[in-house]
Every structure is written in structure tokens, then in C-alpha cells.
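Shown next, in C-alpha cells, is the structure this report addresses.
We did not get these values from a lab; they are worked out from the coordinates using the rules stated. Everything quoted here is computed from the prediction, not taken from an experiment. For neighbour counting, all protein chains shown are included, and Cβ atoms are generated from backbone atoms with ideal geometry for every residue, glycine included.
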Ligand SMILES: [Zn+2]
């Protein structure tokens, strides 16, 4: 279980009509034209809701599936492209966000200027590496590379160690220094240690890549050096924690005092290291993978200085490959793009430039984006819906039969403390001290890294901020952070038709509302039950709670076991259980919240459908997806989410669905009241 979980953006809904620019329906989130009225809702609710769309839609060439989430991502990407490129050609005021964003992009895309400088931008740091003469100067250099870009999802930081500044596992008030393993050029430990021929071949290719990069930097004897660098990385990998440890957050909670580093992990000159990293005064640390700190430090002590220096030269050029001449970028793509990721050709420069601008100036782009596409009114609408969801959840938890009274108290306290942020942050990152200079792609990247690093290090002296944003507003996505107890839904996600601030409220609750309530559930279920109201570690369910929960959950697993889209291919109810429970809870809570939002009034009828009918329709429409058979087989085999047609079938467990669609016992989806499952 990961401490910090990105949540795949909740599946979104959009229609072909919307895409083709045909006349929009009354609201951008009501799709009655997609209904197949020849199918009874009670026989196949997914095809009733989506039959029209499924009949029209074709899977784009070269892809195995097509859903509305891809469409929304594409649309948002286009908007961001237009904003960033617009800033680059305009004449924004010096020092303004638009100037920084535009200059960052323009410099990155200016390949001629990059080409003209050659490898000169690296000269200063190459000289620093060459000047390393002993363990102390090596430690000083390594400290200067400590990178603060890591978060609770990273398994391998960019440099030998990474730091995540975040609240503690036991102390939610202060920001602490979480130290992370890193230093591998390939993605993880297995790539170095797996003895299969496939992985051995990959290592050989990586070694060739290292040699090629060193050659580009005019290093003599690059082949021998590459072999030694790979061998060093293999030994770093041996010290890395195995994946099974990474899955257990309790194993990561290792508080070390400053003196522990000298005592437990000799090799690195820790005084020099921490001083150079800018944290000489830091008294306490949380070491996520002690074996990696001990092992890597020992290697600093034992390995020849020259090997470390070559290792550092290689990683330096690799790290900045995107802002160095084309020959470097091409070699970088040959290994990371083609060999590792199977890409046929490199993404175009503009695409890379947009990604780099987002990475360096995420909240600056986010401000430009939300000023244009997510006004304060949209945020207020989303907040109002969140308030209804929380109110509905409170009642649900209070009425649970499987949870003991003491556990309920803890769950309610956690719900009360849960921060849900929507759209964009109230307080933006202040970029005023970050200089972005046109024509200096390399310098811009360096300065942006230094800016982010000192911003993060400065947090060590501040109180932990539960409202800190960990996802950029222009991303189509959501994120759950268990430490602190926070969930964030970005403006990129909260847009029509998934969420339409001016559109149909019933549909908003059925799509975005159910999606948000699904994510809220994870803070209380078997993912979130080891983090308390302040995000501190500690399981707050009793053994008895868990036993009762699992007994009811088994019924839902059995229900999904019965779904077999192809002969011999059935859903594995256990594999998808956690997500199905969250879907069910999300639907129930969102329905309660929708009813609450009406305050006793009756909703209007649109296209012959009542508000409650549209609520369930929107729920079924958000799961639609066209996919080929191979993709369906892959999903059933390995995904923890069921295929959309079965997720939309969650409605079978909800009494209100039977009432509003007048489902008869003879219909295929009908479940007797005692067969319907309710967990939350
Ligand atoms: Zn989920």
C-alpha cells in the first residue's frame, strides 16, 4: 500500500455530439440522445444508457480502446498548449506569470540556441566533479544533488537520495525530512537483479547507452567506464529495498537522528553531505529504506573515487539531456524512449516543451488555465457538492451495522478532518524569485530545480500544511494523500460534461459526485484504515470490524464473479473488490447527497427524464468505453477496476434505482432486496 496514491482520473463522460461540435443539448452533461430505448434499463442498464454512443463510436486507429477520459485529456492538453504557446508569442509584462511561462517554453523549443551552446552549460558542474579529490568533496557534491522532487510514489529518486518534505508518520504538525532511496538509471531494483535473459539484455543495452552518453561528453575509454558504472549501480540496487517492503508503509517509518547516520551508515561524510544539501541543522529524519542508505553510503566509502566521478558525469549529462544538443536527446530517446518504453519515434519538441514548462512552472500554468477555464463560481459549485457528499457520508457512517461504536467515532472524526480541495489552490506558489530567461533553456531548468528545492527545504521550518496542492490544476486527475488526510480534485477534471457548473445538477452528482464519493471511501476503507484523522499511522478498525466488513464484501465479490463477457473469461470478484466497494459507496453517498441538495423540492424534468433518472443515467454514462477484445481480456486479467459495463451495473444494489426506473422482478439485472449489497 502506498502512502501517497494517485488516483486514476475518474472515468469521464463526453459524447460524440460534444466532440463533433454538433449542437449541444440543454446542458453539457445530459446525454439523452445516447440512450438506446430499445433496451430495458432493467435488462442492461449500461447499454440502455450508452447504446447510441456505442453504436456511433469507433476506436481510433492504433489504439485498443476509446473512452471519454482520453477525450477530456486531449481537450485539456490542447487548451494548455494554446495558453503556453500564446504566452510565448505575446508580449507579457516582465516578471509576470505569462512571461515566465512563455519564456520557459520559447527557450526550450529554441533548438538552434541549444545547439549553439553545445555542452558548454555543463562545464561548470563537470569541473566541480573533476575537482573531487576525496570522500569529503565527493560527499559535498552528492549533497548538492539531493533532489526534492520525490513524493510518496517514487521508488527510485533521480540522484543517490531524494527527499520528500512532508508531515511525519506520527507527527502531523511538523514537516519532516523523509529520505528516499535513489541513484539508479533504470526504473527499479529488479531491472538490475532479475537474472532472466530479457533483463540481462536490457542491462547490456543500458551499458551501451551509458558508453554512448560518455562518448558524447568526450570521455576517453567510455566502454570500460560504462561497465564500471553499471556495476556500481547493480550494487546500489542490491541495497535498495525489495518491492514487498515498499508495499508496507510500516516498514518505511524509520526515525533516525542526525547522529544515526554516522553510526549506522558509515562511508558518506554526512556533515559535508547535509551541509551541502542545505540541511545542516536538521536534527531528525525518516529513512524510508535504511538498507539503501547504509549500502549506498558504504559504496561511497569503498568504491574508487574515479568510478563515482564517471557515474556522476554520466548522470549529469543524462539529467539535462532534454536541454542539451540534439545528439544527446537522440541517445537519451534511444534508450529511455525506444528500448525501455517501446516508443517508435520521439515526441515532437513542442510536446516536450509543454511538459517541461508544466514540470517547472506547474502552478503558474495552472493559474493561467483556471483564470480562463475554471472561474470562482465553478469552484463554489464544486465545493457545495462536496459539502453535500460529506453530509451524506456522515449519516451513512453513523448508521453502519458492521462498524463498532468506537470505530465509528474514529471514522466520523476522520471525516470531519478530511480536507477536500477542488479546482485550484487558495494560495498559489509565489514564483517571483524565479528568473526565467529567454534563450537559456539549460539555465531555466537549473533555476527552476533550485527554486523548487529551496521552497521544499524551507517547509522544514514551517507547520505542515494540509491544503498544500500536490497536483497541478490543469491536470485531468485527482489525488488522495493519506498523510495528511486530504483529497484533491483538479480543475482539469472538474469540467463538462463530467462536471458542468452551469449544467444539470442531477447529472453532476451522478458522475463527478459519485466519483468523488468513491475516492472519499478510500480514506475509510482498507486503503485508508491505517491512517487516522491527522494522517498519522495506526490501524483504527478492530478485528471484529474487519471480519464483519469482509463477510458482506464477499457477497459483492460473488456478484462480480458472475460476470463473464466472453466464454471462459469471467471477472475475478476478489481482484476488483476494493474498487467495487468504493463504486457502490460512491453511488449510494452521491445519491443521498443529490437528494439532500434538493432540499425537499422536486427537480425539473429534462427530455422526459426526472432528476433521479438522470442521476443514474449519468452514473452509467461515465463508465462507457469502446475497447477491443484483447484490451478487455487484459483489463479483466490484471486491472483492479472492473470493465465499465459492470461498474455501471452497481445500480443493481441501490433500492432507489429500482423505484425510479420501475425495474420489474423478471428483468435481468433485478436482485431481490435481500440480495442487494450495502457496505457503506
Ligand atoms: Zn478507487
ask   = Do the sum for the chain: with -39,500 (n - 2.57) for every DSSP H run of n ≥ 4, divided by all residues, what is the mean residue ellipticity at 222 nm, to the nearest 500 deg cm²/dmol?
value = -15000 deg cm²/dmol
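Taking 25 Å as R0, compute the FRET efficiency from the Cβ-Cβ separation of residue 55 and residue 629 and round it to 0.05. Walk me through the intermediate numbers first.
Numbers: r = 18 Å, r/R0 = 0.72.
The computed FRET efficiency comes out at 0.90.
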ask   = Under the classification rounded if a/c is under 1.5, otherwise prolate if a/b is larger than b/c and oblate if not, where does region 536-674 fall, given a ≥ b ≥ c as square roots of the Cα gyration tensor eigenvalues?
value = oblate
remark   = Yeah, the chain with a ≥ b ≥ c from its alpha-carbon gyration tensor (a/c under 1.5 is rounded, else prolate when a/b outruns b/c, oblate otherwise) is prolate
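Listed highest first by mean packing, meaning other Cβ atoms within 10 Å per residue, what order do 440-449, 167-176, 577-586, 489-498 come in?
Numbers: 440-449: 20.6, 167-176: 18.1, 577-586: 23.3, 489-498: 26.5.
Most protected by this proxy first, the peptides run 489-498, 577-586, 440-449, 167-176.
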query = Based on the alpha-carbon gyration tensor of region 266-395 and its eigenvalue square roots a ≥ b ≥ c, which shape applies: rounded if a/c is under 1.5, prolate if not and a/b is larger than b/c, or oblate?
reply = oblate
task = With a cut-off of 17 Å, note down the residues of region 453-489 whose backbone N falls inside the zone around a label point 7 Å from the Cα of residue 377 toward its beta carbon.
result = none
task = Any chance you could check the Cα centroid distance between region 496-536 and region 192-231 for me, in angstrom?
result = 46
ask   = For residue 111 and residue 262 in the same chain, what is the full-extension length gain: residue separation times 0.36 nm, less their Cα-Cα distance, in nm?
value = 49.8 nm
request  = Please determine, in degrees from 0 to 90 and to the nearest 10, the orientation of helix 611-621 with respect to the longest principal axis defined by the Cα atoms of the chain, where the helix direction is its Cα long axis.
outcome  = 40
request  = With everything on Cα atoms, drop me the angle between helix 577-598 and the longest principal axis of the chain, reported from 0 to 90° to the nearest 10.
outcome  = 60
query = Taking Cα atoms, how many degrees apart are the long axis of helix 349-360 and the longest axis of the chain, rounded to 10 and kept between 0 and 90?
reply = 90
query = Sorted by average packing, counted as other Cβ atoms within 10 angstrom per residue and highest first, what order do 397-410, 311-324 take?
reply = 311-324, 397-410
key: Net lengthening on full extension, residue 344/residue 465 (0.36 nm per residue, minus Cα-Cα)   = 39.3 nm
note = Ranked output for segments 211-217, 617-623 by mean other Cβ atoms within 10 Å, highest leading, reads 617-623, 211-217
task = Report relative contact order for the chain in percent, whole number only (criteria: Cα-Cα under 8 Å, sequence separation at least 6).
result = 21
note = Semi-axes in Å, largest first, for region 364-409 (Cα gyration tensor, √(5λ)) are 37, 11, 6
message = Whole angstrom only: what separates the Cα centroid of region 122-136 from the Cα centroid of region 46-77?
response = 53
